[in-house]
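The values are calculated or read from the model by the stated rules, or taken from the named source; none is laboratory data. All figures in this text were calculated on a predicted structure; none of them were measured in a lab. Cβ: placed from backbone, ideal geometry, glycine included. Neighbour counts: every protein chain shown.
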Amino acid sequence: MRGRNGIIVAFVALALLVGAGVQAAEPIKVGAILAVTGPASFLGGPESRTLEMLAEEVNAKGGINGHKVELFIMDSGGSPEKAVSFAKQLIEEKKVLAILGPSTSGETMQIKGIAEEGKTILLSCAAAEVIVNPVAKWVFKTPQKDSDAIQAIFNQMKSMKISKIGVLSGNTGFGKAGKGQIEKLAPENGITIVASEVYDKASTDLTAEVTKLKAANVEAIVNWSIVPAQSIVIKNARQIGFTGPIFQSHGFGNIKYVAAAGAAAEGVIFPAGRLLVADVLPDSNAQKPVLVKYKNDYEKKYKEDASTFGGHAYDAFMILAKAIEKAGSTDKEKVRDAIETMRGFVGTGGVFDFSAEDHNGLGIDAFELLTVKDGKFALYGK
Amino acid sequence: MNLDLFLQYMVAGVTYGTIYGIVAVGFNMIYNATGIINFAQGEFVMLGGMTAVTLGRFLPLPAAILGAVLITMIVGALLEILFIRWLHRPSVLRMIVITIGLSILIREGALHIWGESVRALPYFTGTSVTSIRLGGVYISPQVLWVVGIGAVVVAILAGFFRYTLLGMQMRACAANRDAARLCGISAKNMVTFSFMLSAGIGALGGCIVSPITYVQYDSGVPLAIKGFTVAILGGLGNSLASAGAGMLLGILESLSISVLPAAYKDVISVAILLGILFVRPSGLFGSVEEARLKEF
């Protein structure tokens, strides 16, 4: 018996030695909380697929600084409650270096405090400005600011001599944040909001809402939402004979919404990142190589159109990877500092210039005004 | 509010109402045969819409819809045969748990098959911007299709339950299962048949409303909630009543938007439902005596 035990002990010791050898290149643990299913799945779906693609790509090249990336993607279904428990789990149990996501603004705001407390980097893929304003030490976001998107719309309205508008917004975090910004920015741009309505994300028909706007004689409609119901608004507005321009948010940047709205989507004006028009950008554009590569890789691998939302996850992952490289370590504090001091990073959303005051790093030049022509995205006015 | 505007709100209300009504009719079907509420009804609507969109890639529209209805009917029958048929006198609570479970099962299944993206059938007539103008009122032709097909379905059903042998057998089972069996009616087959029928109606509803509402793997639940509200409002078990209650609720919701912020739309419909249930627990059009005999 004794001899046999000895052999077992020897084996165990050997196994531990081997284990220790492997441990030298410990993987970098990265968490992601994304709405892979549920009402915001059009965000989380492309985002999670993008992250999987990038992790595979990076690991195939031997990882970052010799460390492989270990990705933990949690499906929150768009629910803030789940996002909160996943955030705690990722920080306390998995001890991740950073969390990518969540997909929605509502979820991000719920876990902002948890990331701060847990001293874990949060690179949100959600748009609302409140995520980085006021600045929180550990919280960053990759999508462009909604205030810049609204300013881009208002600039366009001014050139079209529009002053009376109606606002429709979805009852999600994104919709609420956008509505607040629109109401804040309208007076300084000389624009009056004569009617404003909020609609449910599960709406099936919104004829009554647009009728109310039309009755208020609005010159243009701003439809600020990120859920599929936003396509219903455009359709119903055209059906009841509203002929003025319809402006959408950057949440319209998914070709499936255009397909869903059909002919009604023609001529809709919205600000968005350049991913949607990567092919028609001039070669001089700094973002073009990044955009074209991401778009081609994604579309080849998943056989579906790339969307700006997947691009936000691309930026989050690449910013983190770049920061780890730059910091030369996986120390949370050092990587965080590396993100905060990163300048001129070319991503899909724009050219990022982070600073201690700006945890988004993008300005109004990150937006391009787009429209829909023959069922496809096109540069507006070109 | 001028007349045109009022009529435009009415059109919106009728659109909402028909969508709710068509879901409610499916609830009634299974309720009539089994005395239970099938909480997977919304999923039948979703399945119909999704299947039709997929079939629509290879088949002309009418064939795609017919195919979707048939496939959903088979799914309905299979669900009943696999999960419900072998139960011996299940309690109401048990059936609720089972049908909610089925609803989750179908939803997750659809997510795996179709993914999370939004789909829609093309408009039957014209495109998403086509509308018919009557005076100052605009109506989308699809609304006319929905109202027309919905009315035909309700009329056929009413006739089916009243005049055909099969329809009467189904009613007999609902009224008294044991007595029906003594008369030689196979109660189990009737239940299977009612699941098929309600799956078919749900699927047809899903097809005709999908150009308006879109369809996604999880669009069944909100539809089922509204449909259920309307079925209760009209009085459970009565298809004509639920069509009427659907219209009423749709119009009230639409008119409420004209005076109140739209965000209160659902608050109003639920408040109306509660109010009516306090005053008339048997529903707007249900008979009080009949309601006393019902188990649920």
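Key figures
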{"item": "Members of segment B:218-258 that are crowded, with 24+ Cβ neighbours inside 10 Å, more than 24 Å from B:LEU7 (Cβ to Cβ) and within 14 Å of chain A (Cβ to nearest Cβ)", "result": "B:SER219, B:GLY220, B:LEU223, B:ALA224, B:GLY227"}
{"item": "Subset tally (residues that are at the interface with chain B (Cβ under 10 Å from one of its Cβ atoms) and among the hydrophobic types (A, V, I, L, M, F, W, C)) for segment A:214-250", "result": "8"}
{"item": "Among residues of segment B:45-63, those that are closer than 17 Å to B:GLY150 by Cβ and in contact with a Ser or Thr (Cβ under 6 Å, 6 or more places away or on another chain), counted", "result": "2"}
{"item": "Any chance A:SER196 is closer than 29 Å to B:GLN216 by Cα and in a strand (DSSP E or B)", "result": "yes"}
{"item": "Matching residues in segment B:259-284 - criterion: being surrounded by 14 or more Cβ atoms within 10 Å (Cβ to Cβ) and small (Gly, Ala, Ser)", "result": "B:ALA262, B:ALA263, B:SER269, B:SER282, B:GLY283"}
{"item": "Cross-chain or 6+ apart pairs with Cβ under 9 Å, segment B:160-179 first and touching a residue at least 24 places away in the same chain (Cβ under 8 Å) and within 16 Å of B:ASN238 (Cβ to Cβ), then of a type in the set (Ser, Thr, Tyr) and surrounded by 11 or more Cβ atoms within 10 Å (Cβ to Cβ)", "result": "B:PHE161/B:SER239; B:MET170/B:SER194; B:ALA174/B:TYR31; B:ALA174/B:THR34; B:ALA174/B:SER194"}
{"item": "Which numbered condition A:PHE309 fails, given (1) in contact with a helix residue (DSSP H, G or I) (Cβ under 6 Å, 6 or more places away or on another chain); (2) buried (at least 24 other Cβ atoms within 10 Å of the Cβ); (3) modelled with pLDDT of 95 or more; (4) among the hydrophobic types (A, V, I, L, M, F, W, C)", "result": "(3)"}
{"item": "Out of A:LYS184, A:LYS158, sole residue that is more than 12 Å from every other protein chain (Cβ to nearest Cβ), at pLDDT 90 or above and more than 29 Å from A:PHE354 (Cα to Cα)", "result": "A:LYS158"}
{"item": "A:ALA177 vs. criteria out of contact with any strand residue (DSSP E or B) (no Cβ under 7 Å at 6 or more places or on another chain), among the hydrophobic types (A, V, I, L, M, F, W, C) and within 12 Å of chain B (Cβ to nearest Cβ)", "result": "no"}
{"item": "Residues of segment A:86-102 classified as farther than 18 Å from A:ALA55 by Cα and surrounded by 16 or more Cβ atoms within 10 Å (Cβ to Cβ), total", "result": "3"}
{"item": "So A:LYS288, is it surrounded by 18 or more Cβ atoms within 10 Å (Cβ to Cβ) and at negative phi", "result": "no"}
{"item": "Number of the exception - B:THR229 against (1) out of contact with any Lys or Arg (no Cβ under 9 Å at 6 or more places or on another chain); (2) not in a helix (DSSP H, G or I)", "result": "(2)"}
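One line per residue, one yes/no per condition, for (1) crowded, with 24+ Cβ neighbours inside 10 Å; (2) more than 25 Å from the chain's Cα centre (by Cα):
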| position | (1), (2) |
| --- | --- |
| A:ILE165 | yes, yes |
| A:ASN171 | no, no |
| A:GLN181 | no, no |
| A:ALA208 | yes, yes |
| A:ALA216 | no, yes |
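Here is a yes/no grid of residues against (1) under 16 Å from B:TYR31 (Cβ atoms); (2) touching a Cys at 6+ places or on another chain (Cβ under 9 Å); (3) not in a helix (DSSP H, G or I):
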{"residue": "B:ARG57", "(1), (2), (3)": "no, no, yes"}
{"residue": "B:PRO62", "(1), (2), (3)": "no, no, no"}
{"residue": "B:MET73", "(1), (2), (3)": "no, no, no"}
{"residue": "B:ARG89", "(1), (2), (3)": "no, no, yes"}
{"residue": "B:ILE96", "(1), (2), (3)": "yes, no, no"}
{"residue": "B:ILE100", "(1), (2), (3)": "yes, no, no"}
